[in-house]
Amino acid sequence: MVTVAHKRWQDQDPVIPASLVLAVALILPPLQTQAWWLLLPCLICVMLGWRVPALVLMLGASLYADSWVSGIYFLLLLLLLLTRSSVGLDHPLRRAGLSLVQSAPLVILLALLVAGASDRLPDADRSGRAPTGISERMAPGTVSELVADSRLAMQVRFDNDIRLPADQLYWRGLVLENFDGQAWSRAMPPEFVLDADPSPDSIRYQVSLEPHRQIWLFGLHQARTSQAGIYLDNRDVLVALEPVRQRKRYRVYSDLQPDIAPLLGDEERRRNLALPPHSNPQTQTWVKALQARYPDAQTLTQALLSHFNQQAFYYTWTPPVTGEHSVDDFLFSTRQGFCEHYAAALAFALRVAGIPARVVAGYQGGRYNALTGHWSVYQYNAHAWVEAWYPQQGWVQLDPTLAIAPERIEGGIDAWLATVPEEQLDARARLRLQLAAIPGISDTLDALEALEYTWDQTMFDDNGDLRTEQVTQWLEQRGLGNAPLWLMALLLLGVGLRAMAGKPAVAATTVAALKPYRQFDRQLRKLGLGRLPGETIDTHLHRVARQCPQQSQDLCRLAQQLSSAVYGQGQMPAPDVYQVLYRAIRTALRT
């Protein structure tokens, strides 16, 4: 009995066991929180034998892999699906490659539509930099290396069609207060504070943040929110309770002209005046001499900013490497740097003068889309600036980049890159500028971006999940809350019954044998000898043999070979047999 069952399993369609394995794999625990709305149609396509749609849906679902474990899991499923489409073929690798090529257009379209909320970005690299590009540690070069990075960081839309000028779009993210002589880093741990109520003049907007697997969020100066799960820390940074692992949407209000801040606490003052011992001695001597000339804190600050503007400093994204005393090297030797160099130097100088200061890392500016009225902020918009504390004013934003390269702030990073010699540009940045210069490219990109943004707003909720609440409520009101689970169970039952039914004949061989015949039949239709409805292949070929006596023997032999191949008792006819036979029939009928 076991031998008979085993032979029956071997004699049936080899695609069916693979379909059963794939169907079971789709609902294993690792995928219970994945994109079931793509996996369920994929399972249906597997059952129906629709190879290319199933592969497209599986590739789309793989965009939602949120860890390397689930990524490997999806890869194994893809390999299984490719193997499933290659069983019984002479060249399985070629067939698998053909499947990918055939699926490519649909995969691209699917990616454009669903990638908005997908968990498609990789984990942080070994240096600790998160996928957003904004790190908890800022050293010379960590921001400038993002100039060529065109990945999306977030999208923002203001209420009431408000459009702020670019020089007011400072998206605060991280406040860096610790300085070790080389790099600035975030002080730990953050403390949560109570939010203030919004004022009537508050600017309201919505942020759609890309996954970056960290807890900090981004907003304008004095950003506040009443959304659950988001808090304000004691450095005026919005913080989520859980790392952002998929696109997160939250509403924010900001007071760009805040009230006078309370007094600075002793601990906060100490933290924002701390300097490493014996760090950058040349800068300390210079600042103390400058302070003797400008004892007022505000006047001294303006003198420092004017120094960047009036002296021979250069704004470049490929600055020379600095040594142990990085600020000394920058101010008195290289005089070349990007935003992080100027921000670090200004914050250090202010602390030397006894003015509490800290570095802020985030983004500045963005690309405005007039079709939807939203801003798209990319990784190359990454920026660093300074906040200094003054009595009766509180924390005040200072951007030394505005003094050295105002076009970078007012016109955007690409406006500044346009002034850089082409040979100094990175290949990716050069390509971005060249594409932007082509007529119609910007409008096309805006249209695609507007489509993706509208799709995301319509199909996904604030947590990046598909909007299924309405469907769930409708089902529960009618006592059908478990209907999706029953549907999945029925589908699995159908696959299992089909797999165990013992379908005779090898389907892959049958399809391969009949494909040349169907092409042969289409050619015979042109001669009036096509297959009739309900007519078997054997009857059809014998009918054609009666019409063409000279080819009768060859047609009868072909019919016998096809019958043997279909039922697994012989080899399929060579494809060139059909072509030779067709030409002979056509010639005979013409004469």
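Look at the stretch 329-362 and say how many of its residues are free of Cβ contacts under 8 Å to residues at least 60 places away in the same chain, within 15 Å of Trp416 (Cβ to Cβ) and assigned to a helix (DSSP H, G or I).
Final tally of qualifying residues: 0.
Please verify whether Ala274 is at pLDDT 90 or above, touching a helix residue (DSSP H, G or I) at 6+ places or on another chain (Cβ under 9 Å) and either of a type in the set (Phe, Trp, Tyr) or assigned to a loop (DSSP other than H, G, I, E, B) (or both), treating the condition exactly as stated.
Working: at pLDDT 90 or above: yes; touching a helix residue (DSSP H, G or I) at 6+ places or on another chain (Cβ under 9 Å): yes; either of a type in the set (Phe, Trp, Tyr) or assigned to a loop (DSSP other than H, G, I, E, B) (or both): yes.
Criteria met by Ala274.
Of the conditions (1) assigned to a loop (DSSP other than H, G, I, E, B); (2) under 24 Å from Glu177 (Cβ atoms), Ala312 clears all except one; give me its number.
(2)
Can you tell which of Arg358, Arg351, Arg367 is among the charged types (D, E, K, R) and under 29 Å from the mean Cα position of the chain (by Cα)? If you could, list the steps in order and put the result at the bottom.
Details: Arg358 fails: under 29 Å from the mean Cα position of the chain (by Cα); Arg351 fails: under 29 Å from the mean Cα position of the chain (by Cα).
So the residue among Arg358, Arg351, Arg367 that is among the charged types (D, E, K, R) and under 29 Å from the mean Cα position of the chain (by Cα) is Arg367.
Please give the number of the condition Ile409 fails out of (1) within 30 Å of Leu275 (Cβ to Cβ); (2) modelled with pLDDT under 90; (3) surrounded by fewer than 17 Cβ atoms within 10 Å (Cβ to Cβ).
For Ile409, the failing item is (3).
Before we move on, is Glu324 more than 30 Å from Ser442 (Cβ to Cβ), in a loop (DSSP other than H, G, I, E, B) and in contact (Cβ under 8 Å) with a residue 60 or more places away in the chain?
Details: more than 30 Å from Ser442 (Cβ to Cβ): yes; in a loop (DSSP other than H, G, I, E, B): yes; in contact (Cβ under 8 Å) with a residue 60 or more places away in the chain: yes.
Spelling it out, Glu324 is indeed more than 30 Å from Ser442 (Cβ to Cβ), in a loop (DSSP other than H, G, I, E, B) and in contact (Cβ under 8 Å) with a residue 60 or more places away in the chain.
Which condition number in (1) touching a residue at least 12 places away in the same chain (Cβ under 8 Å); (2) surrounded by fewer than 21 Cβ atoms within 10 Å (Cβ to Cβ) is the one that Gly365 fails?
Among (1) touching a residue at least 12 places away in the same chain (Cβ under 8 Å); (2) surrounded by fewer than 21 Cβ atoms within 10 Å (Cβ to Cβ), the lone unmet condition for Gly365 is (2).
State yes or no: is Gly365 touching a Leu at 6+ places or on another chain (Cβ under 9 Å) and within 20 Å of Leu152 (Cα to Cα)?
Spelling it out, Gly365 is indeed touching a Leu at 6+ places or on another chain (Cβ under 9 Å) and within 20 Å of Leu152 (Cα to Cα).
Hey, can you tell me all the residues within the stretch 129-151 that are at pLDDT below 80 and under 17 Å from the mean Cα position of the chain (by Cα)?
Answer for the stretch 129-151, where residues must be at pLDDT below 80 and under 17 Å from the mean Cα position of the chain (by Cα): Arg129, Ala130, Pro131, Thr132, Gly133, Ile134, Ala148.
Can you pull out every residue in the stretch 232-245 that is surrounded by 19 or more Cβ atoms within 10 Å (Cβ to Cβ) and either outside any loop (DSSP other than H, G, I, E, B) or not assigned by TED's automatic domain parsing to the domain that holds Ala153 (or both)? Break it down stepwise before answering.
At the first step, the residues of the stretch 232-245 found to be surrounded by 19 or more Cβ atoms within 10 Å (Cβ to Cβ) are 232, 235-238, 244.
Listed by number, the residues that qualify are Leu232, Leu238.
Anything in the stretch 415-451 that is in contact (Cβ under 8 Å) with a residue 24 or more places away in the chain, part of a helix (DSSP H, G or I) and among the charged types (D, E, K, R)? List them, or say none.
Those that are in contact (Cβ under 8 Å) with a residue 24 or more places away in the chain, part of a helix (DSSP H, G or I) and among the charged types (D, E, K, R): Arg428, Arg432, Asp446, Glu449.
The values are calculated or read from the model by the stated rules, or taken from the named source; none is laboratory data. Values in this document were obtained by computation on a predicted structure and should not be read as measured data. Positions of Cβ are backbone-derived with ideal geometry, glycine not excepted, and every protein chain shown enters the neighbour counts.
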